[in-house]
1. Quick check on the range 122-244: take the gyration tensor over C-alpha atoms, sort the square-rooted eigenvalues as a ≥ b ≥ c, and tell me if it's rounded (a/c under 1.5), prolate or oblate.
2. Roughly how many debye, to the nearest 20, is the charge dipole of the chain about its Cα centre, given +1 on each Lys and Arg Cβ, -1 on each Asp and Glu Cβ, and no other charges?
3. What does the charge count near L500 come to, summing +1 for each Lys or Arg and -1 for each Asp or Glu among other residues with Cβ under 11 Å from its Cβ?
4. Where does helix 447-469 land angle-wise versus the long Cα axis of the chain, in degrees 0 to 90, nearest 10?
5. Can you give the helix-only mean residue ellipticity at 222 nm for the chain, where every DSSP H stretch with n ≥ 4 adds -39500 (n - 2.57) and the sum goes over all residues, rounded to the nearest 500 deg cm²/dmol?
6. Among the GluC sites (Glu not before Pro) within the range 404-478, which fall in a DSSP loop and have no more than 16 other Cβ atoms within 10 Å of their own Cβ?
7. Can you give the % of DSSP beta bridges in the chain that are antiparallel, to the nearest 5?
8. Where does helix 245-271 land angle-wise versus the long Cα axis of the chain, in degrees 0 to 90, nearest 10?
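The values are calculated or read from the model by the stated rules, or taken from the named source; none is laboratory data. Keep in mind it's a predicted model, so treat the numbers as computed, not measured. Heads up, the Cβs are rebuilt from the backbone with ideal geometry, glycines too, and the neighbour counts pull from every protein chain shown. Keep in mind that these areas ignore ligands, DNA and RNA; they rest on the heavy atoms of the full protein, side chains included. Shrake-Rupley method; radii C 1.70, N 1.55, O 1.52, S 1.80 Å.
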Amino acid sequence: LELGLSGERRLFNEQFLIYTALTRPSERLWLSYPLADEGGASLLPSPVIKRVRRLFPQLEVEEHPLTPDNLEGEAVLPYLAHPSQALDHLAVRLREAILDRPPAPIWWDTYSYLMLSSRWRPALLQVIASLKRQNVEEPLTPALVRRLYGKTLRASISRIESYHACPFAFFSAYGLRLKERPIYQLAALDMGNFFHDAMDRFVLELEKQGLDWGELSEEQYGQLTRQIVDQLSPEIQNHILDSSSRYRHIARKLTRTVERSARVLGRHARRGKFRPMGVELVFGPEGQIPGLSFTLADGTRMELAGRIDRLDVATDEDGQTYLRVIDYKSGSSKLTPLEVYYGLKLQLLTYLHVAEKWAAQQLADKVKGVGAFYFRIYDPLQKTDQPLAAGDAEKLGLESYRMEGFLVNDPTAVELMDEGLKGRSQLIPVIINKDGSLRKSDSIWNEEELVQLRQHLERQFIAAGNEIMQGNIAIAPYRLAKETACRFCTYRAICQFDALLPENSYRWLPKLPREEIMARLEQAKGGEEHE
Ligand code: SF4
């Protein structure tokens, strides 16, 4: 096993290299350091700078901004040392001139110099031509839309979410089908798929062996997990988990993550009555559950498909059947009615919507969908400033796995998920008040709100489908408080979105109070009934 240099050794080498660099010059020594990183966040200089300034207190520190913004006259000259460098800076000044921010006179001199130079004139003319370009995308022609999407628009729920986040990102991913170059590595996506498969196989294995999740012994969790991980490992990226010592170490960590997560889901089973009714349930034209389909304004058929990670069922003492959906995630996720209203997170609600209809047929009974949750599969580190007793460690561990999502305001449903709960639940996003009611939060929706939001789903899907078929590919990322569509988007190099350009700005989605959202949904429903 090859080991890297120790921290001590690396520190020594670094000091030696600094010493060598500082003692080699014969005439002059320049020391420079950046004040900020590329994102504008301030940076601290190396401790070497501090030491040198202590040794030579008479040294003066000069500041050299990276760009000549707000500089005039001779102060600009260092930025014009070479015509290509001058051209780069001039391009920025010319764009500012268009925005009514006249440049300093020296930039017009630079302009004249480059224009009169036979070598640099073509490059300057190119820059001038680019100034007229607007970074906007016109809608696609109907013929092109047909060629891209055909006569039936097939989409998953996450695709519609991506359209609502930014039409251009949707077009890049599902119209142009652009993908990042595959790299032989264990990417977040591979790990996400691995966790999904492992949890599904866990349920199937329990079924096969006739075991109840809530009654497994500690050893059984370990045995089952190892067996499942051994089956799955070779399927990831051509045996990558067996390709080096590092990856074998990662495989052990993945096993531990699956085992811990399975144990937590075992606590859910022990404390509640919900049990899996199905895993990996595919809905849509080729799935076992009927999906959603609509006819769009131009007559196109829109068919929605998806996959429900896990559907749970429970029955109360009166024989009423309840359903909940669990969606596995490897990152943290929350859900608010506002995100559903804006169409940014539609998966959980849609899954519960389609599962409820299907389960009623399967069970030949009236079923009630009472919640849908994200369950995070990970291996959290617990932070504590003192040693913990065994019980406290378990409580802290469980809390870090608390599911997020939404739950109908129904104490019976809570009882079926976390029996005898008082105060804050360690399993689901619920707090019980002293009078036994559920504390109001973004995760607790009353039945009327659930009905309204479910009706809103259909409007969202149809509106998105109509706009896609009208060819809308606008560069229009949303912004909701600090969150933006661009944060994790891989298409930035293609769209070249720049919030400083007047034609590129975020689509601001205002934060609305819950009452306002419901009032708007009521209004939209009223409008439909009138039509
Ligand atoms: S980077 Fe932003 S603007 Fe560009 S495609 Fe992605 S989400 Fe849209």
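1. Here the range 122-244 falls in the prolate category.
2. That gives a dipole near 1160 debye.
3. -2
4. Tilt of helix 447-469: around 50 degrees.
5. Mean residue ellipticity, 222 nm, calculated: -14000 deg cm²/dmol.
6. E419
7. So the antiparallel bridges amount to about 60 percent of the total.
8. Approximately 40 degrees, to the nearest ten.
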